[in-house]
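See structure below.
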RNA sequence: UGGGCCGUCGCCAAGUGGUAAGGCACCAGGUUUUGAUCCUGGCAUUCGUUGGUUCGAAUCCAGCCGGCCCAGCCA
């Protein structure tokens, strides 16, 4: 049976409304979309929004979506980016119908350009780039016609062919659409269609020395692929008249329409490719897949699940309104998904040794702990206990306020799954730093409850010292301290100096896979963790994906 | 200030002339061997603003205010 609640993207948006209307009028019967990245960088959370939109619509309307590389600028594009983009889209769980390059269409595009020239709707301009700019006019003043605007069709044809045949240097000529130099829309003031560029293209090699520009290429590529709805971001709104002009003046196999939506803006983050590049090149982060980066590859390494990203995209919606999403939305999407799928374990990130003086030194016990508190399907594992254990340093406080439910001198807490212990003595070194705690345990409280029914408010996690696995744990936090680092004159000043803290003395319970990053763990009371790419059995490394919600921190702050 | 687009709760977002969905956040309770999860309740007499049309307007019209985008041989 069909369960309507199983459809994730069932909330309407203006694009789906348009599609519904087009379908209703019979304008088309199959919905075809495309996700068209330029392979000049890594995909980030902003691209995820577009991917979910395009692939999501194709899926829901039983159509299909292409992954098209918009590779018309050979100077910026690289195979490395192509590989990473394919990998990221696949990882998110989407399947493309086909995966063409815009460069696959260069021959057809060239023929169409010739067609435009023949119709007298395009001409070769021999002005310099500076002259073209000077003659374009301004926002409030019209431009001036190029002195080459009235060249004959024959001359244009010959020049354009010579451009293609490598008779000229870069910048000597360009092909321009002949539209209107006085148009109030600057994109319509005879936009450049082709430029000469002696660069080796990742796909076409040295076959071409002229390359079409985005505006000429995009709509025609859509038309070749039969794309029905070409979805792009708001900054292309002004390009739509040009998109339409090109399609209206050429005979194409289909007639797509462009619809624009607002790009994602997320608090405390940057999605500008240029700035992301700076972070990588300056070594502010370890690479494109640094777990603090909101690139798809960084998020993957950090421990995000594809579903959490998809859920996030569903939560934020699609509109034309310029808006900024709070980080809390992403964090909630992440926590909600991880909560259902993470295996519970105990780990101590900042260890403080506890010696249970009345527990026999040669004794050990194994306690059974469920792998998930709400889902029995996860099963359980055995957790070793012994006389010396580690607890989290901040689970002990010498002068604790009343509301502090954890350990402090004279107070009793529950060790999860094990016993009640009471703190008897605090051992400090010469510098006054707490080195260990001497406690006693109540043998009657085995399993975590006592026959006399006395209440113990606090339950803390622990790891048996003798059985502990040493590990490094990376604690990650947001990369920027300012909600809008992109708005600062220099985003470097907004960099969070504590965005990555290395804990190199963490203690893990033994039942943890050290190198399997397909397993999401919740280290109880600490957060969600995943083993890092660099983790090995000899040198285990875990990344903190996200903390748990922490209402104690709130109480603490408000006091 | 030429053109284009946008203004509904702190942040998102439904709503398409019939009397303001939902999520996040926040607040107050309950359950809990994770101060997690989960559950319950609260949270816009009002839709940038002013005026108009209408029995009735967030929805239609006009003016005003505010914000974003465009002058690459980038995408």
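Screening region A:151-187 for residues that are more than 15 Å from residue A:123 (Cβ to Cβ) and under 40 Å from the mean Cα position of the chain (by Cα) and picking the one that is farthest from RNA strand B (Cβ to nearest atom) gives A:164.
If I filter region A:44-65 for residues that are in contact with a helix residue (DSSP H, G or I) (Cβ under 7 Å, 6 or more places away or on another chain), more than 18 Å from residue A:13 (Cα to Cα), in contact (Cβ under 8 Å) with a residue 40 or more places away in the chain and surrounded by fewer than 22 Cβ atoms within 10 Å (Cβ to Cβ), do I get at least one hit? No; the residues of region A:44-65 include none that is in contact with a helix residue (DSSP H, G or I) (Cβ under 7 Å, 6 or more places away or on another chain), more than 18 Å from residue A:13 (Cα to Cα), in contact (Cβ under 8 Å) with a residue 40 or more places away in the chain and surrounded by fewer than 22 Cβ atoms within 10 Å (Cβ to Cβ).
Has region A:273-280 got any residue that is within 11 Å of RNA strand B (Cβ to nearest atom), touching a residue at least 12 places away in the same chain (Cβ under 8 Å), farther than 19 Å from residue A:545 by Cβ and in contact with a helix residue (DSSP H, G or I) (Cβ under 7 Å, 6 or more places away or on another chain)? Checking region A:273-280: not a single residue is within 11 Å of RNA strand B (Cβ to nearest atom), touching a residue at least 12 places away in the same chain (Cβ under 8 Å), farther than 19 Å from residue A:545 by Cβ and in contact with a helix residue (DSSP H, G or I) (Cβ under 7 Å, 6 or more places away or on another chain). If you go through region A:382-395 and pick out every residue that is surrounded by 14 or more Cβ atoms within 10 Å (Cβ to Cβ) and either within 11 Å of RNA strand B (Cβ to nearest atom) or under 14 Å from residue A:522 (Cα atoms) (or both), you end up with 3.
With respect to (1) in a loop (DSSP other than H, G, I, E, B); (2) surrounded by fewer than 18 Cβ atoms within 10 Å (Cβ to Cβ), the lone exception for residue A:278 is condition (1). Among residues of region A:448-459 being assigned to a loop (DSSP other than H, G, I, E, B) and touching a strand residue (DSSP E or B) at 6+ places or on another chain (Cβ under 7 Å), the one that is nearest to RNA strand B (Cβ to nearest atom) is A:448. Taking the conditions exactly as written (closer than 24 Å to residue A:542 by Cα and in contact (Cβ under 8 Å) with a residue 24 or more places away in the chain), does residue A:387 satisfy them or not? So residue A:387 fails the test.
Results for (1) part of a loop (DSSP other than H, G, I, E, B); (2) touching a strand residue (DSSP E or B) at 6+ places or on another chain (Cβ under 8 Å); (3) within 16 Å of RNA strand B (Cβ to nearest atom), shown as yes or no for each residue.
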| site | (1), (2), (3) |
| --- | --- |
| A:463 | no, yes, yes |
| A:474 | no, yes, no |
| A:501 | no, yes, no |
| A:511 | yes, yes, yes |
| A:516 | yes, yes, no |
| A:537 | yes, no, no |
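Just one of A:289, A:248, A:336, A:314 is surrounded by fewer than 21 Cβ atoms within 10 Å (Cβ to Cβ) and touching a strand residue (DSSP E or B) at 6+ places or on another chain (Cβ under 9 Å); which is it? Result of the check over A:289, A:248, A:336, A:314: A:289. Which count do you get for residues in region A:66-78 that are surrounded by fewer than 21 Cβ atoms within 10 Å (Cβ to Cβ) and in contact with a helix residue (DSSP H, G or I) (Cβ under 7 Å, 6 or more places away or on another chain)? Going through region A:66-78 one residue at a time, the tally reaches 1.
The numbers here are math on the coordinates, done by the rules we state, and not lab data. The shown structure was predicted, so the numbers you read here are calculated from the model rather than taken from an experiment. For neighbour counting, all protein chains shown are included, and Cβ atoms are generated from backbone atoms with ideal geometry for every residue, glycine included.
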